[in-house]
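Asks: Below is the structure I would like to discuss, written out as structure tokens.
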Amino acid sequence: MSNHYYTQKPTVAHDLHTIEEQLRGRKFTFVTDAGVFSKKGVDYGSKVLIEAMELPVDARVLDVGCGYGPIGLAAAALVPEGHVTMVDINERAVELAKQNAVRNQISNVEIKQSDRLAEVMGSRYDVVLTNPPIRAGKEVVHSIFEQAYEVLKPGGSLWVIIQKKQGAPSAFAKLESLFSKVKELGKDKGYRILKAEK
């Protein structure tokens, strides 16, 4: 698992790339690297979540498993009066996300290394966003849901993008065991957008 994106310190050799993506009507430039998730371009699931997410302009948002930053930075651009915290276990991803925030002139963000939500459990958020690390296993993914419930304010919402074949039905069931209201907002090429309200 050492060269896998769900690891604290990737050991694979660096292979930096610069990519451009149009997200929610804005052009973003991202630097990516080997040892991080979806290094060659923003993955389809993240794009589906970015296009679907609904965020109040003053929301406090948490992006769990931020990678090099596409979901969290797109969210930050949508909440000019709000703030986005971005966390990832992977130190290489965190460093890239910090660079990409500067590169895209986004300042209403805080980016930190964290195993799941460990470093932010004392904070409270209006919205939690996640494209969960499926390869890390169901136990990790479900613990992200549990911790997200804890950090959400009453009335807050967790948005999850997950493929049906990678556990969407069990994810939905887990969310239903935690949250008062869970719904599937849409599906796109096998991806499901799940929204759970506290």
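The values are calculated or read from the model by the stated rules, or taken from the named source; none is laboratory data. Remember, it's a predicted structure, so these values are computed and weren't measured experimentally. Glycine also receives a Cβ, built like all others from the backbone with ideal geometry; neighbour counts cover every protein chain displayed. For accessibility, only protein heavy atoms count, side chains too; no ligands or nucleic acids. Shrake-Rupley method; radii C 1.70, N 1.55, O 1.52, S 1.80 Å.
Asks: Can you name the residue in region 16-54 that is under 12 Å from residue 70 (Cβ atoms) and among the polar types (S, T, N, Q) and, of all such residues, is modelled with the lowest pLDDT?
Replies: Filtering region 16-54 for residues that are under 12 Å from residue 70 (Cβ atoms) and among the polar types (S, T, N, Q), the one modelled with the lowest pLDDT comes out as 38.
Asks: Filtering region 179-197 down to residues that are outside any loop (DSSP other than H, G, I, E, B) and of a type in the set (D, E, K, R), which residue is nearest to residue 147 (Cα to Cα)? Don't jump to the end; show me each part of the working.
Replies: Initially, region 179-197 is screened for residues outside any loop (DSSP other than H, G, I, E, B), giving 181-188, 191-197.
From the residues that got through so far, the ones that are of a type in the set (D, E, K, R) too are 181, 183-184, 187-188, 192, 195, 197.
Values: 181: 17, 183: 19, 184: 20, 187: 25, 188: 27, 192: 21, 195: 15, 197: 14 Å.
Only one residue fits best here, namely 197.
Asks: Quick one: in region 5-58, which of the residues that are free of Cβ contacts under 8 Å to residues at least 40 places away in the same chain, part of a loop (DSSP other than H, G, I, E, B) and hydroxyl-bearing (Ser, Thr, Tyr) is most open to solvent (accessible area, probe 1.4 Å)? Give the derivation first.
Replies: Taking region 5-58 first, the residues free of Cβ contacts under 8 Å to residues at least 40 places away in the same chain are 11-20, 22, 25, 27, 34, 38-42, 47, 50-51, 54, 57-58.
Now drop any that are not part of a loop (DSSP other than H, G, I, E, B), which leaves 11-16, 25, 34, 38-42, 54, 57-58.
Subsequent filtering for residues that are hydroxyl-bearing (Ser, Thr, Tyr) retains 11, 38.
Values: 11: 97, 38: 34 Å².
Applying the filter and picking the extreme gives 11.
Asks: Assuming residue 102 fulfils every condition listed in (1) part of a helix (DSSP H, G or I); (2) under 16 Å from residue 63 (Cα atoms); (3) open to solvent by 30 Å² or more (accessible area, probe 1.4 Å) apart from one, which condition is it?
Replies: Tallying (1) part of a helix (DSSP H, G or I); (2) under 16 Å from residue 63 (Cα atoms); (3) open to solvent by 30 Å² or more (accessible area, probe 1.4 Å), residue 102 fails exactly one: (2).
Asks: May I pose another question? Tell me which residues, restricted to region 72-92, are at pLDDT 95 or above, over 16 Å from residue 151 (Cβ atoms) and open to solvent by less than 10 Å² (accessible area, probe 1.4 Å).
Replies: Once the filter is applied, which keeps residues that are at pLDDT 95 or above, over 16 Å from residue 151 (Cβ atoms) and open to solvent by less than 10 Å² (accessible area, probe 1.4 Å), region 72-92 yields 73, 74, 76, 79.
Asks: Can you find even one residue in region 155-166 that is closer than 30 Å to residue 58 by Cβ, among the hydrophobic types (A, V, I, L, M, F, W, C) and over 14 Å from the mean Cα position of the chain (by Cα)?
Replies: If we filter region 155-166 for residues that are closer than 30 Å to residue 58 by Cβ, which is where we start, we get 155-162.
Subsequent filtering for residues that are among the hydrophobic types (A, V, I, L, M, F, W, C) retains 158-162.
Pick out the ones that are also over 14 Å from the mean Cα position of the chain (by Cα) and you get none.
No.
Asks: Can you go through 73, 62 and tell me which one is closer than 16 Å to residue 111 by Cα and either without any contact (Cβ under 8 Å) to a residue 12 or more places away in the chain or not in a strand (DSSP E or B) (or both)?
Replies: Working: 62 fails: either without any contact (Cβ under 8 Å) to a residue 12 or more places away in the chain or not in a strand (DSSP E or B) (or both).
Every option except 73 fails the conditions.
Asks: I've got another one for you. Say whether the condition of being touching a Gly at 6+ places or on another chain (Cβ under 8 Å) and surrounded by 19 or more Cβ atoms within 10 Å (Cβ to Cβ) is met by at least one residue in region 178-191. Step through it out loud before you land on a result.
Replies: Residues of region 178-191 touching a Gly at 6+ places or on another chain (Cβ under 8 Å): 191.
Add one more test, that the residue is surrounded by 19 or more Cβ atoms within 10 Å (Cβ to Cβ), and what stays is 191.
The answer is yes, given that some residue of region 178-191 is touching a Gly at 6+ places or on another chain (Cβ under 8 Å) and surrounded by 19 or more Cβ atoms within 10 Å (Cβ to Cβ).
Matching residues to (1) in contact (Cβ under 8 Å) with a residue 60 or more places away in the chain; (2) assigned to a strand (DSSP E or B); (3) out of contact with any Asp or Glu (no Cβ under 7 Å at 6 or more places or on another chain):
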{"position": "84", "(1), (2), (3)": "no, yes, no"}
{"position": "98", "(1), (2), (3)": "no, no, yes"}
{"position": "123", "(1), (2), (3)": "yes, no, yes"}
{"position": "129", "(1), (2), (3)": "yes, yes, no"}
{"position": "156", "(1), (2), (3)": "no, yes, no"}
{"position": "177", "(1), (2), (3)": "no, no, yes"}
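Asks: Which ones in region 128-171 are open to solvent by 40 Å² or more (accessible area, probe 1.4 Å) and modelled with pLDDT of 95 or more?
Replies: Of everything in region 128-171, those that are open to solvent by 40 Å² or more (accessible area, probe 1.4 Å) and modelled with pLDDT of 95 or more turn out to be 146, 147, 149, 150, 153, 154, 155.
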